[in-house]
1. If you take the residues in segment 85-99 that are among the aliphatic types (A, V, I, L, M) and crowded, with 17+ Cβ neighbours inside 10 Å, which one is nearest to the chain's Cα centre (by Cα)?
2. Could you give me the residue pairs with C-beta distances under 6 Å whose first residue belongs to segment 45-69 and is on the phi < 0 side of the Ramachandran plot, whose second residue is β-branched (V, I, T) and in a strand (DSSP E or B) wherever it lies, and which are 6+ apart or on separate chains?
3. State the number of residues belonging to segment 106-129 that are within 16 Å of C77 (Cβ to Cβ) and either among the charged types (D, E, K, R) or buried (at least 24 other Cβ atoms within 10 Å of the Cβ) (or both).
4. When residues of segment 5-24 are filtered for being within 26 Å of I94 (Cβ to Cβ) and crowded, with 19+ Cβ neighbours inside 10 Å, how many remain?
5. So which of L251, L242 is among the hydrophobic types (A, V, I, L, M, F, W, C), more than 30 Å from A135 (Cα to Cα) and touching a strand residue (DSSP E or B) at 6+ places or on another chain (Cβ under 6 Å)?
6. G103 fails exactly one of the following numbered conditions: (1) surrounded by fewer than 24 Cβ atoms within 10 Å (Cβ to Cβ); (2) in a loop (DSSP other than H, G, I, E, B); (3) assigned by TED's automatic domain parsing to the domain that holds R22. What is the number of that condition?
7. Would you call Y15 assigned by TED's automatic domain parsing to the domain that holds S108, farther than 30 Å from S213 by Cβ and either in a helix (DSSP H, G or I) or modelled with pLDDT of 95 or more (or both)?
Amino acid sequence: MQSYSLLAPGKINLYLEIIGDRPDGFHELVMILQSIELADRIDIKASGTQKITIYCDHPQVPLDETNLAYKAALLMCEVFPDVYANYGGIDLRITKNLPVAAGLAGGSADAAAVLVGVNLMWNLGLTQLELQELAAKLGSDIPFCLNGGTVIATGRGEKLDEIGCLDNLWVVLAKSKTTGVSTPWAYQTYRQQYSDSYITDPDGFRHRRDRVSTGALVQAIAAKDSSKIGGLLYNDLEKVVLPNYPQVEQLKTEFSSIETLGTMMSGSGPTVFALFETKEQADEVAKQVKISIGDPDVEFWVTKLASNGIQVI
């Protein structure tokens, strides 16, 4: 049995609209998700025991069953018990390059990489569709993280439709090390404040999804019209996060005061990103905002948009 090393790219949201409530307690969403080159590294090998063990170089990453990567390995053991009994346990080593609790799907990407790695290591021969079905059992972002690229995500975020490729743009990510935003809090607060605007019927859901899939942002992505893309970024969760988290609002204000293609909070935050046509522009703005913020607690990353999900290296 071989060992495998995989790259697990993060993601940003170019669009996030909350349509209404679902019977399962989640929200019905329409999102445009975009992979980035900034990625964690997952090394996976047989443990020589019957245990799943996680190692990580980042002190904030849990090393127990609460870790999504652990849950992904455990799911494979449960779904394929005979293969698990034959091959034994799994050692996972996570090298964190993506910031933790940042709204960039770092944990989801790690879990997706584990699904791919175990599939290869155990010679399961699962198709991409079969892997996505397993991924959907673990979390809403994990099916996207498998394939990556630029997609429309609907439902809870697990129904995916590719719409193009935006790997020509650069992005600056900024996040306060000590600021965290709870995703359940963000969605629950949005529900409390805006549920009177929710659509409640399936036809309404379908109409809203269709409006986005044929809308201006998707057309701009298809045409690779970077200036239009930047001007059409949208995130419903900014309505509740920015007023309650001044550090996040300040980052967006600082990016908005400088020439960018567009800037927005990713997912439920707290990461704020800005888009650029060149690495030089991205590097210069990252430097400017770092100086203007003047807060050593705020970290910056410059990376490129990516057309891929999990990669074997």
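The values are calculated or read from the model by the stated rules, or taken from the named source; none is laboratory data. These numbers come from a predicted model, not from an experiment. No Cβ is skipped: glycine too gets one built from the backbone with ideal geometry, and neighbour counts run over all protein chains shown.
1. Of the residues in segment 85-99, the ones among the aliphatic types (A, V, I, L, M) are 85, 90, 92, 94, 98.
Now narrow it down to the ones that are crowded, with 17+ Cβ neighbours inside 10 Å: 90, 92, 94, 98.
Numbers: I90: 25, L92: 20, I94: 17, L98: 10 Å.
Only one residue tops the list, namely L98.
2. Partner pairs satisfying both residue conditions: S47/T53; S47/I90; I52/I90; C56/I94; D57/T95; L63/I54; N67/I54.
3. Let us first name the residues in segment 106-129 that are within 16 Å of C77 (Cβ to Cβ), namely 111, 114-124, 126.
With the extra rule that they be either among the charged types (D, E, K, R) or buried (at least 24 other Cβ atoms within 10 Å of the Cβ) (or both), the set shrinks to 111, 114-118.
Qualifying residue count, segment 106-129: 6.
4. Residues of segment 5-24 within 26 Å of I94 (Cβ to Cβ): 5-13.
Retained after the next criterion (residues that are crowded, with 19+ Cβ neighbours inside 10 Å): 6-13.
Total meeting the criteria: 8.
5. Numbers: L242 fails: touching a strand residue (DSSP E or B) at 6+ places or on another chain (Cβ under 6 Å).
Going through L251, L242 in turn, just one is among the hydrophobic types (A, V, I, L, M, F, W, C), more than 30 Å from A135 (Cα to Cα) and touching a strand residue (DSSP E or B) at 6+ places or on another chain (Cβ under 6 Å): L251.
6. Result: G103 fails condition (1) only.
7. On the way: assigned by TED's automatic domain parsing to the domain that holds S108: yes; farther than 30 Å from S213 by Cβ: no; either in a helix (DSSP H, G or I) or modelled with pLDDT of 95 or more (or both): yes.
For Y15, the condition - assigned by TED's automatic domain parsing to the domain that holds S108, farther than 30 Å from S213 by Cβ and either in a helix (DSSP H, G or I) or modelled with pLDDT of 95 or more (or both) - is not met.
Per-residue answers, yes or no, for (1) charged (D, E, K, R); (2) outside any helix (DSSP H, G or I); (3) without any contact (Cβ under 8 Å) to a residue 12 or more places away in the chain:
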{"site": "E130", "(1), (2), (3)": "yes, no, yes"}
{"site": "E133", "(1), (2), (3)": "yes, no, yes"}
{"site": "A136", "(1), (2), (3)": "no, no, no"}
{"site": "P143", "(1), (2), (3)": "no, no, no"}
{"site": "T154", "(1), (2), (3)": "no, yes, no"}
{"site": "D161", "(1), (2), (3)": "yes, yes, no"}
{"site": "Q193", "(1), (2), (3)": "no, no, no"}
{"site": "F205", "(1), (2), (3)": "no, no, no"}
{"site": "I221", "(1), (2), (3)": "no, no, no"}
